[in-house]
Amino acid sequence: MTPRTSFEVGGMGHSIKRKEDPRFIRGKGTYVDDVVLPGMLYLDIVRSPYAHAKIVKIDSTKALATPGVVAVITGQDLAKYNLHWMPTLMSDTQMVLPVEKVMYQAQEVAAVLATSRYAAADGMAAVEVAYEPLPVVVDPRKALEPGAPVLRTDKKDKKDNHIWHWEWGDRAATDRTFAEAEVTVKQDIYIPRIHVASIETCACIASFDKVDSKLTVWMTTQAPHAIRTVFALVAGHVGLAEHKIRIISPDIGGGFGGKVPVYPGYVIAVAASVLTGKPVKWVEDRMENLQADSFARDYHITAELAGKKDGTLTALRIKTLADHGYTDAAANPSKFPAGLFHICTGSYDLKAAHVEVDGAYTNKPPGGIAYRCSFRVTEAVHTIERMADIMAHQLGMDPADFRKKNFIKPEQFPYKSALGWEYDSGNYAGALDLAMEKIGYAALRREQADKRRRGELMGIGISSFTEIVGAGPSKHFDILGLKMFDSCEIRIHPTGKAIARFGTKSQGQGHETTYAQILAEELGIPASDIQVEEGDTDTAPYGLGTYASRSTPVAGAAAAVASRKIQDKARKIAAHLLEVAPDDLVWEPGKFSVKGAPDRFKTIQDIAFAAYTNHPQGMEAGLEAVSYYDPPNLTYPFGSYICVVDIDKGTGEVKVRRFVAVDDCGNIINPMIVDGQIHGGLTMGFAPALLEEISYDESGNIQGGSFIDYLVPTAVETPKWETGKTCTPSPHHPLGAKGVGESATVGAPAAIANAVVDALWHLGVRHVDIPITPAKVWKLLRDHGVSE
Ligand code: CDP
């Protein structure tokens with residue numbers, strides 16, 4: 001897209017530098033931990049060493065005798081105010097502090113309040129808790145077996161560990177298509193637990209002013225407005241009304257979905273501040289963050305594809321067991337307990353599909369957060385892209401040819417999928433062709449054939465994914481009843497500068513820059529003259545926040561709509577100033593001129609000044625607008641990734657030699673920021689493909705609870721990413737833009753896994769679960785008779 005505005009104005013399509021970076025680069029960002037209030041107390045949390053145990057006794061005597069310790073808070077204390085349980089975003093319940101038993105290792109057991117962080121830690125170590133261990137269930141399959149210990153004994157009528165069953169699609173048509181199929185393939189796929197591991201852990205400062213009963217919370221949250229409403233609904237009975245709650249989400253060091261849920265630490269800090277009347281700070285350490293905050297994935301999937309011998313796909317059937325830990329605290333739209341997993345038909349034109357998901361309780365922390373993913377889309381993409389590769393290999397077809405044969409064609413859009421989604425636009429073959437050209441696909445296949453003859457292991461993997469982002473249209477999308485619109489409020493000052501406020505909250509994505517660029521595009525006011533604010537519920541308009549790549553599709557659209565409302569009023573003011581009819585004016589970014597007399601014009605700055613100094617009689621003064629945007633549809637970004645791996649036969653190590661990522665997110669606001677999003681996203685897709693996993697032993701002890709075992713990639717391991725773009729605008733978004741923040745995380749793991757299996761298929765290997773560690777590959781090589 002050629003930019004419509006000059007680089008100085010900085011509208012869409014310009015790679016202007018990020019407005020937020022001068023403060024970040026100089027260490028001048030304000031994160032929760034940078035906020036220090038007079039008289040502030042500090043919280044530390046006692047955590048359970050057991051995954052399932054009865055609490056026999058909590059003895060606070062020694063803790064209270066520790067210098068600096070002010071109080072020890074237990075579940076019994078919170079129970080007096082009915083605050084020991086809280087609702088989750090999926091209408092389940094979660095303990096703030098336990099009264100009877102703990103349900104996972106590292107669960108909060110008690111909290112210590114002290115005058116310094118160190119005193120709080122000393123007090124925490126001095127709390128004595130007597131536990132009586134209970135039988136532990138870590139495997140969701142065992143959790144659902146008859147006779148398994150029932151974990152949620154707090155739910156009076158619960159007789160098993162089954163949370164819900166959800167299914168979507170036409171079962172009969174799918175079964176029929178499978179029965180008639182010439183070829184079918186079936187595969188068990190496990191997508192393990194992983195953690196977002198953002199640089200900044202979770203933190204808050206709760207400050208309750210007893211004089212005017214106002215609670216201010218500085219909080220690492222991606223969704224400040226929704227959090228305020230939830231606080232008001234949960235704690236209204238102890239006097240916290242919504243207008244007396246202010247949530248401030250300052251600079252955030254990465255969220256990736258992990259900062260959407262409400263964690264017990266936040267609630268305990270609020271309760272402690274309300275009880276003491278003093279500000280209370282809680283900052284997790286790294287191990288608490290990794291061990292106790294919500295996790296992503298943990299899907300046990302059995303997938304089947306049906307098709308014809310010529311390679312035409314016909315149907316998809318999936319059964320999934322979702323491990324939610326001890327409570328369903330996933331951040332999904334209410335109507336979809338398995339998120340948007342039913343995008344699992346991907347980029348392919350399938351006649352029929354049916355998907356079933358069952359949720360199970362286990363003795364683990366809550367799972368199911370949407371880690372850089374629009375609610376289970378990564379799981380869906382991994383499944384369909386692995387399955388497509390298995391089918392292609394089974395039929396002896398090149399995986400690229402196989403995909404092209406089955407892609408939804410550009411002329412089929414808007415396309416209704418077998419599972420009911422209406423894809424807005426796409427050109428999947430275009431993206432794959434470009435990726436193949438960039439990487440030199442044909443030459444690589446020749447090289448692979450040569451190497452195979454020499455006994456070397458080289459693989460080429462493709463992932464042609466379709467994303468689904470921009471939740472969402474209010475007819476289908478809500479969280480706890482709150483519809484998933486988003487907002488923008490613009491105020492133009494008399495001198496033509498502006499402030500724009502949003503219901504979203506950047507965690508590093510660069511909203512201060514890209515939102516300003518949208519206004520610059522629509523109004524011609526230079527992006528440098530526009531101040532963008534988010535994250536303060538006292539000032540920002542109501543919105544559902546930033547996750548699931550929804551900021552551009554929803555709040556970005558609100559920015560365009562609000563700008564257009566301003567442009568409408570500006571036209572009337574310009575007509576008044578130029579003494580012509582509004583219809584006689586022509587708009588180009590930054591000015592209205594008279595049709596046929598281009599030298600008679602008024603700039604947006606002239607018009608802004610007039611809005612406060614010389615507005616037409618009968619018109620309200622000022623120049624401002626607000627939009628609450630309810631998207632008519634989701635946006636469907638897509639891409640094709642190709643990965644080349646070499647496998648060391650001696651160690652099983654997989655080396656990503658090349659990785660080409662071609663993405664399509666429609667019209668781009670800032671190409672440099674989009675590239676940054678893709679580079680980061682690819683690294684976050686590479687990580688679970690080869691390195692990251694949180695697992696548990698049979699007693700529920702976490703494996704991978706620190707960075708010694710949880711292998712976050714550094715610059716050393718990260719491959720060099722090669723990127724490319726195609727552009728297929730969204731027909732319904734006012735700017736033709738689609739979201740992009742998550743595409744790469746969603747699309748990358750399957751490309752890597754497909755490359756590994758491609759290298760090993762001729763040996764008889766059909767599938768490897770991620771993370772594909774050297775140990776796993778080495779064992780596979782041994783099992784298939786390869787040794788070095
Ligand atoms: O909701 P979140 O900000 O995480 O995701 P997003 O809407 O995909 O946007 C991520 C960043 O990329 C933002 O700064 C967007 O404005 C930018 N972006 C862009 O410049 N052009 C697009 N078509 C999509 C996103």
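Tabulated values for the structure
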item	result
Sorted by Cβ neighbour density within 10 Å, fewest at the top, the residues Ser464, Ser6	Ser6, Ser464
Neighbour-count order for Ser549, Ser787, Ser60, fewest beta carbons within 10 angstrom listed first	Ser787, Ser60, Ser549
Whole-Å distance, taken between Cα centres, linking the stretch 710-768 and the stretch 209-257	36
Rg(Cα) / (2.2 N^0.38 Å) computed for the stretch 524-670, rounded to two decimals	1.60
Unit charges on C-beta of K, R, D, E only; dipole of the chain, Debye	280
Unit charges at the beta carbon, dipole of the stretch 1-152: most positive-side option, Pro49, Ser60, Gly27	Gly27
Length-normalised contact order for the stretch 546-685 - Cα pairs under 8 Å, 6+ apart - percent	18
Largest-first principal axis extents of the Cα set of the stretch 684-788 (Å)	55, 38, 28
Solvent-free Debye scattering, log10 I(q)/I(0), computed from the Cα coordinates of the stretch 407-486 at q = 0.14, 0.24, 0.25, 0.26 Å⁻¹	-0.70, -1.12, -1.16, -1.19
Calculated P(r) of the stretch 561-623 - Cα pairs past 20 Å, %	16
Of the DSSP H helices in the chain, those whose Cα atoms cover at least 15 Å axially and whose Kyte score averages -1.0 or more	224-235, 264-276, 377-395, 428-439, 511-523, 557-578, 671-690, 743-760
Environment charge at Val138 (Cβ cut-off 10 Å; Lys +1, Arg +1, Asp -1, Glu -1)	-2
Student exercise, the stretch 416-495 dipole from Lys, Arg, Asp, Glu Cβ charges, in Debye to nearest 20	440
Leading residue at positive end of dipole, the chain (Cβ point charges), from Thr153, Ser198, Leu113	Ser198
Mean-position separation - Cα centroids, the stretch 454-510 and the stretch 314-377, in angstrom	20
Cβ crowding within 10 Å averaged over residues, with 661-669, 768-776 ranked highest first	661-669, 768-776
Exceeding the 32 Å Cα-Cα cut-off - candidates Lys80/Lys278; Lys62/Lys278; Lys210/Lys565; Lys214/Lys475	Lys210/Lys565; Lys214/Lys475
Cα-centre dipole for the stretch 572-721 with unit charges at Cβ (Lys and Arg positive, Asp and Glu negative), debye to 20	620
Pairs of Cα atoms farther than 22 Å apart, the stretch 660-734, %	44
Ordering of 366-377, 30-41 by packing [mean C-beta count within 10 Å, highest first]	366-377, 30-41
Antiparallel bridge percentage (DSSP; both residues within the stretch 230-386; nearest 5)	45
Normalised contact order of the stretch 121-201, rounded percent, pairs of Cα under 8 Å and 6 or more residues apart	14
Given charges at Cβ of Lys, Arg, Asp, Glu: the chain dipole, positive-most of Val280, Ala330, Leu316	Leu316
Over the stretch 606-679, equivalent-ellipsoid semi-axes from the Cα gyration tensor in Å	54, 15, 9
For the stretch 76-130, the spread of Cα positions along each principal axis, largest first, Å	36, 22, 21
Of Lys483/Lys505; Lys158/Lys483; Lys351/Lys416, those spanning more than 21 Å from alpha-carbon to alpha-carbon	Lys158/Lys483
Isotropic mean projected area of the C-alpha convex hull, the chain (nm²)	36.5
Contact order relative to length of the chain, as percent, for alpha carbon pairs under 8 angstrom and 6 or more apart	16
Alpha-carbon centroids, the stretch 422-447 and the stretch 556-611: separation in whole Å	44
Relative intensity, log₁₀ I(q)/I(0), of the stretch 1-80 from a Debye sum that treats every alpha carbon as a point, q = 0.19, 0.28 Å⁻¹	-1.04, -1.35
Value of Rg to Rh for the stretch 599-729 (Rh from inverse mean 1/r over Cα pairs, i.e. Kirkwood)	1.26
Ranked Tyr299, Tyr131, Tyr190, Tyr515, criterion: other C-beta atoms within 10 Å, fewest first	Tyr190, Tyr131, Tyr299, Tyr515
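Every read-out reported here was derived from the displayed coordinates using simple, explicitly stated rules and does not represent laboratory data. This one's a predicted model, so the numbers in the text were calculated from it and none came from an experiment. Here Cβ is always computed from backbone atoms with ideal geometry, including for glycine, and neighbour counts include all displayed protein chains.
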